[in-house]
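Take a look at the structure set out below.
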Amino acid sequence: MGFFSDYRATRRDERELGEGVWRRAHDRFKRGLDRYHQILESVRDPELRAMAVPVANELADLLPRVRAVCAEAHFRAPSQTQDIPHSTDGYLSDVHRQLSRAGNSMAQTAEALTMARFAAPRAAAAAGPTSLGTAARATSTPGVGSVRRRSGVVEEYVVAAEALMEKQGRARS
């Protein structure tokens, strides 16, 4: 049964995203998101986990938006190669650039979570018992700020890609 559902999903991806740059941009983002979740599964520190789970949810909410941008870009300018299709004012190059940055920043967010995961046990051992509440400790856990900053950058790039597509869509109307 799994074989046929995988086959249908692959066919849907090929139809909606093609096999070129738009599919590659989407897949890069998805791989970064998968990596973040893999690292999240290995986080044992409860404070870090409490901070990282909402970030994971926020990042996962971006995937359909990235897919929508990639599908619309493929609809406007189908790509079956690794070349970015030509567009008026080069807006598709700008869209692809923002999507690539979003994918790279997603990978950096996963990397930041990895670094925070390794820093958290040392920081907890050095701090010893504390009277701080869980929320206060979660914001003081090393690396939390870095993970949040990087996830914010991911969203900024996705918003920028959406804005470019919308702006060009309005210009075409």
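Restricting the first member to the range 13-26 and to residues that are closer than 17 Å to Asp94 by Cβ and in a helix (DSSP H, G or I), and the second to residues that are among the small types (Gly, Ala, Ser) and open to solvent by less than 10 Å² (accessible area, probe 1.4 Å), the beta-carbon pairs closer than 6 Å and six or more apart or on different chains are Val21/Ser79; Trp22/Ala73; Trp22/Ser79. In a residue-by-residue description of the range 117-124, the property of being at pLDDT 85 or above and open to solvent by less than 50 Å² (accessible area, probe 1.4 Å) applies to no position. Residues that are among the small types (Gly, Ala, Ser) and open to solvent by 20 Å² or more (accessible area, probe 1.4 Å) within the range 67-87 comprise Ala68, Ala71, listed in sequence order.
Scanning the range 33-60 for residues that are of a type in the set (A, V, I, L, M, F, W, C), part of a helix (DSSP H, G or I) and open to solvent by less than 30 Å² (accessible area, probe 1.4 Å) turns up Leu33, Ile39, Leu40, Leu48, Met51, Ala52, Val55, Ala56, Leu59.
The values are calculated or read from the model by the stated rules, or taken from the named source; none is laboratory data. Here the structure is a predicted model, which is why all the values come from computation and not from measurement. Heads up, the Cβs are rebuilt from the backbone with ideal geometry, glycines too, and the neighbour counts pull from every protein chain shown. SASA here: full protein model, heavy atoms, side chains in, ligands and nucleic acids out. Shrake-Rupley method; radii C 1.70, N 1.55, O 1.52, S 1.80 Å.
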